[in-house]
Amino acid sequence: MKKKYLHNLFLLLVFAFLYLPIIVLVIFSFNSSSLNIVFEQFTFRWYHVLLENRSLLEAFMNTMIVAFTSTIVSTIIGTISAIGIKKYNFIGKEFIQSLLYIPIVIPEIVLGISLLSIYTLFRLDLSLVTLIIAHITFSIPFVIISVRTILDSLPSNLEDASSDLGANKFKTFWYVTLPSIMPGITSGALLAFTLSLDDVIISYFTAGPDSNTLPLKIYSMIKTGITPDVNALSALILVVTIIILMTSTVLQLRKLRKETEL
Amino acid sequence: MKNSNSIFKKITTIPLKFYAGILIFLPLLYIFILSFFRNDYYGGIIPDFTFDNYRMLIDVVYLKVFLQSFLIAFITTFICICISYPFCLIIKTKKETTQKLIMTFVMIPFLTNSLIRTYGWIVLLRKNGVINQFLMGTHLISSPLSLMYNYFGIVIGMVYTLLPFMILPLNSAVSKLDDSLLDASKDLGANRLQTFFKVVVPETLPGLFNGSLMVFIPAIGLFFISDILGGGKLMLLGNLIKNQFLTARNWPFGAAISITLIIITFIFVKLYKKIGGKMDDLGGGL
Amino acid sequence: MKKIVILLVIIFLVTGCTSKNDAGVVNILNWSSYIPDSVILDFEKETGIKVNYGTYSSNEECLAKIQSAKPGTYDLIFPSDYMIELMKKRNLLEPLDREKILNWNNIADNYRRLDYDKENKYSLPFLAATTVIVVNREHIKDTITSYQDLLKPEYKNNIVLLDDQRIVIGMALQALGYDMNETNKEALKDAKEWLLKLKENVKAFDSDSPKTFFLTNEVDIGVMWNAEAAIAKNKNPNLEVIYPKEGVAISIDNFALPKGAKHKEQAYLFIDYILRPEVMQEIIEDYPYKNVNQATNLLLSSNYLNNPASNIPDYVIKNGHFVNNIGDSILDYDKLWAEIK
């Protein structure tokens, strides 16, 4: 009993660590003073300021488009590539595997500038598309790593059994491999999504003049000292993410429960 | 049967080749070539072949920067491991629904902007910040503690920013851990620490390795945390590289530092594989 | 799959919406804290031109983008003095068409034909900034007149400086009696010793928002750009603004068109709009840098005029120093910077 109490205390401490800065940030979004220093009076003013800011909403749309597209594409490519690496030998495999470390190792700024130079080499106009490509570039390795971790812990005879039973590669993949590596895929996708939502440096160099994203906007707002409208914005994002994540968790849980009932 | 196999192989390897070739190899090649060019201090680059950029790195000053960065990255990784292992082991004992819920709540903070979160820490850590006021209000301390604009602030910020990169892979490894193994170890009379080091760690090594990689490496490159929570007083590799591109206008030198950083990381990975030995069986790397 | 289709539709809708625009667009790259959103919105309303507004926080960031992106990506940038000189040299700028800028003469005479662009062929000043020393008189009573005074051991951990190597090293050189652009190795060595001493007193290097350090009482002394100091002084009258006797550092930001700009007409319209006295007033009262628009002078509020940090006297500007291009000595500066950090 005492052990359980200690366990929960530990979890509580970790969550305090994770949430304290965010709670502070949300509280200050209701502060009447324009400086994040002392709490003066309660106000919704900054939320009004925010909702009237057209360029912020535009940036928000861009961010969502980039985050969703790049997450979907990088999760698909990352997952099938992880399987390809695991199952097959091909020319240059070693080399390609090492290359996959590069986007993680290379400092963001270097990747940003070099991607920009590559785009210019190919005479590409900077736009949302170039931004999405950049985000896919740095997300894929994270997906591959997450999926590989799970793939490696799978018993290898699972798929053999499936093919012994006459299922072809695609069926085996769809009905056997995919469901069992799902946790890896979800955590990879989550990482990719988080990285995309948060990226400033690479976006800075690869976004076109008309494809401002929220992080870029926030980055430039912070330069003048962080003001409560930035807090309000983050509070709103937080609420939206909590809603999305909670619904998806609840849906998953419901599905899980149904499966166990069956 | 054979046909489906070869199509499947194509599908799973061709996009990877394209991706690795165009989006990773080309930029890398660009940086590599750049690192042998000479800088024109009016913002240009002269395409001479020179080793000067690498030679410059063997200066005590820059070695110091390397050391500082690796030290911070090492401490950060270590603390992340110390938090993540117990965390993942504890939530493993919970019901599956609770587990999912907990993991969701772990991720939520990371979907807000990291810069803003870092600023949240300023409000907490500064001289008249929430923590100091609380501690002084309860008379635990009599004068404010220096919680930021030093190493402490930097490490807090790093751990905070990079923690999910440890928790996620570690958790997927720990959740796969077989309960009967733990029980067996207990039955054999191993105490908790022994079980942890003899059973848990070896079984979850791929997750640990991946997590460490995803924490350690970004910790070297992150520059805004040292700028914001460290008061810009400590130069880390990320800052040094950023300076070469955005202050000193010395792109070739920045490129050379990046290539060196890449090489060092690969040495680390190789070393690990050698020490870990079974790395390929575990497949923990890529 | 469904999601992907929906996303693609959204992408097409969004890109479709932005591409049809009769009055055209203008792609601007500016410092992060110069032009309030309201000014841009008013300009869009008046002209129907869509403004794509990106920001940078150092001249080199701007250079990196202009240099690596396809020419024509941006139409209007705001580099400082030495960067204009450098971009000119690298052939990155379009000559300005004076005929197109009706409000050209609003810029005060003493800010035209400056050394970095003698005939204003490529650039026209937008505003000026200088460094100043700020002291919180509630806590610090000593007389402070120069950078040298900042070395006192009792100021331990009590100073905020700009996170800018040229400005901070320049400050050290000036304190030691050298020119702020000195490249002599012995001088730099002295500067290093001086800075290592000063570092004991430095709480933080921050270029983004040093004013916050004063408003939260984190420090009592700071060296920062004048607009930051002016905002801090407005919030806390106990702050004193001091022009160091060694001479302040000056930076003048300019309108300039990058080579290959595609929307020049719109860029000129934007420049002209900014040069209007009442528009410039809105900008300068919001971010109180030193105004260089003589037509705006008559409109400035007493708050701006009476604040020693916003309304920098002409004699201070005259005795100030510009950051110059120092060629490959920048290597020594960069190394020195790594040494003191």
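The values are calculated or read from the model by the stated rules, or taken from the named source; none is laboratory data. As the structure is a computational prediction, the values presented were derived from the model and not from experiment. Every residue, glycine among them, receives a Cβ derived from its backbone with ideal geometry; neighbour counts consider all protein chains shown. What goes into the accessible areas is simple: the full protein's heavy atoms, side chains included, and nothing from ligands, DNA or RNA. Shrake-Rupley method; radii C 1.70, N 1.55, O 1.52, S 1.80 Å.
Taking the condition more than 25 Å from the chain's Cα centre (by Cα), at the interface with another protein chain (Cβ under 10 Å from one of its Cβ atoms) and either under 30 Å from residue B:266 (Cβ atoms) or open to solvent by 30 Å² or more (accessible area, probe 1.4 Å) (or both), does residue A:37 pass? Judged against the criteria, residue A:37 is a match.
Restricting attention to the stretch B:240-258 and to residues that are open to solvent by 10 Å² or more (accessible area, probe 1.4 Å) and not hydroxyl-bearing (Ser, Thr, Tyr), the residue that is farthest from residue B:71 (Cα to Cα) turns out to be B:249.
In the condition set (1) more than 7 Å from chain B (Cβ to nearest Cβ); (2) open to solvent by less than 20 Å² (accessible area, probe 1.4 Å), residue A:186 is compliant with all but (2). Residues considered: B:204, B:260. Of these, the only one that is free of Cβ contacts under 8 Å to residues at least 60 places away in the same chain and not acidic (Asp, Glu) is B:204.
Per-residue answers, yes or no, for (1) at the interface with another protein chain (Cβ under 9 Å from one of its Cβ atoms); (2) assigned to a helix (DSSP H, G or I); (3) of a type in the set (D, E, K, R); (4) farther than 24 Å from residue C:327 by Cβ:
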| position | (1), (2), (3), (4) |
| --- | --- |
| B:8 | yes, yes, no, yes |
| B:27 | yes, yes, no, yes |
| B:49 | no, no, no, no |
| B:63 | no, yes, no, yes |
| B:73 | no, yes, no, yes |
| B:86 | yes, yes, no, yes |
| B:99 | no, yes, no, yes |
| B:102 | yes, yes, no, yes |
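Residues in the stretch C:58-79 include at least one that is under 20 Å from residue C:294 (Cα atoms) and within 17 Å of the chain's Cα centre (by Cα). Just a yes or no: is a residue in the stretch B:104-113 assigned to a loop (DSSP other than H, G, I, E, B) and among the hydrophobic types (A, V, I, L, M, F, W, C)? No, the stretch B:104-113 contains no residue that is assigned to a loop (DSSP other than H, G, I, E, B) and among the hydrophobic types (A, V, I, L, M, F, W, C). In summary, helices (runs of 4 or more DSSP H) completely within the stretch A:11-118 and bearing 3 or more residues that are at pLDDT below 85 occur at A:45-51, A:54-87. Of all residues in the stretch B:114-132, those satisfying the criterion of being in a loop (DSSP other than H, G, I, E, B), within 11 Å of chain A (Cβ to nearest Cβ) and open to solvent by 10 Å² or more (accessible area, probe 1.4 Å) are B:126, B:128.
Across the stretch C:193-223, the qualifying residues are those that are at pLDDT 95 or above, open to solvent by less than 50 Å² (accessible area, probe 1.4 Å) and part of a helix (DSSP H, G or I), and the one among them that is farthest from residue B:233 (Cα to Cα) is C:194. When residue B:27 is tested against the conditions (1) within 23 Å of residue A:91 (Cα to Cα); (2) under 22 Å from the mean Cα position of the chain (by Cα); (3) open to solvent by 50 Å² or more (accessible area, probe 1.4 Å), the lone failure is (3).
A search for C-beta distances below 8 Å between a residue of the stretch A:1-12 that is free of Cβ contacts under 8 Å to residues at least 40 places away in the same chain and facing another protein chain (nearest Cβ under 10 Å) and any residue that is surrounded by 12 or more Cβ atoms within 10 Å (Cβ to Cβ) and assigned to a helix (DSSP H, G or I), counting only pairs 6+ apart in sequence or on different chains, returns A:7/B:90; A:10/B:86; A:10/B:87; A:10/B:90; A:11/B:87; A:11/B:90; A:11/B:91; A:11/B:102.
Condition check: in contact with a strand residue (DSSP E or B) (Cβ under 6 Å, 6 or more places away or on another chain), within 14 Å of chain A (Cβ to nearest Cβ) and touching a residue at least 12 places away in the same chain (Cβ under 8 Å). Does residue B:37 satisfy that? The answer is yes for residue B:37.
The residues of the stretch A:105-132 that are at the interface with chain B (Cβ under 7 Å from one of its Cβ atoms) and touching a residue at least 40 places away in the same chain (Cβ under 8 Å), listed by number, are A:108, A:109, A:111, A:113, A:115.
Residues being under 25 Å from residue C:269 (Cβ atoms), within 12 Å of chain A (Cβ to nearest Cβ) and open to solvent by less than 30 Å² (accessible area, probe 1.4 Å) are represented in the stretch C:77-98 by at least one member. Any residue at all in the stretch C:298-306 that is within 21 Å of residue C:178 (Cβ to Cβ) and either in contact (Cβ under 8 Å) with a residue 60 or more places away in the chain or in a helix (DSSP H, G or I) (or both)? No.
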